[in-house]
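Here is the structure we will look at, set down as structure tokens.
Readers should treat all values here as calculations from the given coordinates under stated rules, not as data from a laboratory. No experiment lies behind these values; they were computed from the predicted model shown. Using ideal geometry, Cβ is built from the backbone for each residue, glycine included, and neighbour counts are taken over all protein chains shown.
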Amino acid sequence: MNTCTAAKTEINAILFDMDNTLFDFAAAKIVSCGKICEFLGKGTDWDLMRYFLNSGLGYENHANIEKFMKDNGIYNEADYETAVCIYESVKLNSLVLYDNVIPTLEKIRAAGIKTAIITDAESSQAKKRLTKTNLAQYFDCAVSPDISGARKPEPPTFLCALEKLGTAAGVSMVVGDSLRREIEPANKLGMTSVYAKYGDWMKIPAKDVIPDYTIENFGELAGILSLE
């Protein structure tokens, strides 16, 4: 099996978070919220974005749009359906890869390292985003809650990805932008953890979670893996 040497151990597989690790999903989501508000003639991008963040309905649930409209006294089914279409299309078309993602993934694949996506997006959504950004070809598999039966930071998503790749935690790496949802479970499972700090737009403190590596640019992975 091909391996590359990192400072901590030999790595033969990498599990990547998707949103805000490979591309700026938060920015795309905010743009889509703004376009909805323009269509409805009510509120701002962040007025609607706060519903997705704080309503408790779920970060990707269209019910957030419905609640926003009802709370503002502007709900009707036709406009709601249009708003949902705007949300999905603008969000997808606004995805922008972070710098050095494709060149670095090409180096990783050329080195024979197996790769997987671990995401809380449903499989259908993950497939659309990976296809739109031309990233699907760089991954052996993608594990979503509808596949693993759980959401991060619970272990099943990570363990399912390891099983699909045919590898073990001790020789695998996790790369993600969330200290609680990716780095902490990676540490607990004995995996090498890489905190993609550049994508952590919420910056929720987690002083007790210490990643093995912290990167400010996706391209720094090549150095960690001695691929440069």
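Quick notes
- Cross-link pairs exceeding 25 Å between alpha carbons, from the set K35/K67; K29/K107; K35/K132; K107/K203: K29/K107; K107/K203.
- Highest to lowest packing among 45-51, 179-185, 78-84, scored as the average C-beta count within 10 Å: 179-185, 45-51, 78-84
- Of the three principal axes defined by the Cα atoms of the chain, the extents in descending order read 59, 33, 30 Å.
- Considering only the chain, percent of DSSP beta bridges that pair antiparallel, nearest 5: 15 percent
- Between the range 25-78 and the range 194-228, the Cα center-to-center distance that results, in Å: 31 Å
- Net charge over other residues, Cβ less than 13 angstrom from the Cβ of D99 (K, R count +1; D, E count -1): -3
- Mean Cα-pair separation over length for the range 48-171, i.e. relative contact order, pairs under 8 Å, 6 or more apart, %: 17 percent
- Working note: Debye formula, equal point scatterers on the alpha-carbon atoms of the range 26-93, no solvent; log10 I(q)/I(0) at q = 0.26 Å⁻¹ is -1.24.
- With N the number of residues in the range 68-170, Rg(Cα) / (2.2 N^0.38 Å) evaluates to 1.38.
- In percent, rounded to a whole number, the relative contact order of the range 49-98 is 23, using alpha-carbon pairs under 8 Å and six or more apart.
- For the chain, the residue among M18, F218, V174 whose Cα projects farthest onto the positive side of the dipole built from Cβ charges is V174.
- Short-range pairs are left out: with C-alpha atoms under 8 Å and at least six residues apart, the relative contact order of the chain is 26 percent.
- Over the range 1-136, the reciprocal of the mean inverse Cα-Cα separation, the Kirkwood hydrodynamic radius, stands at 16.7 Å.
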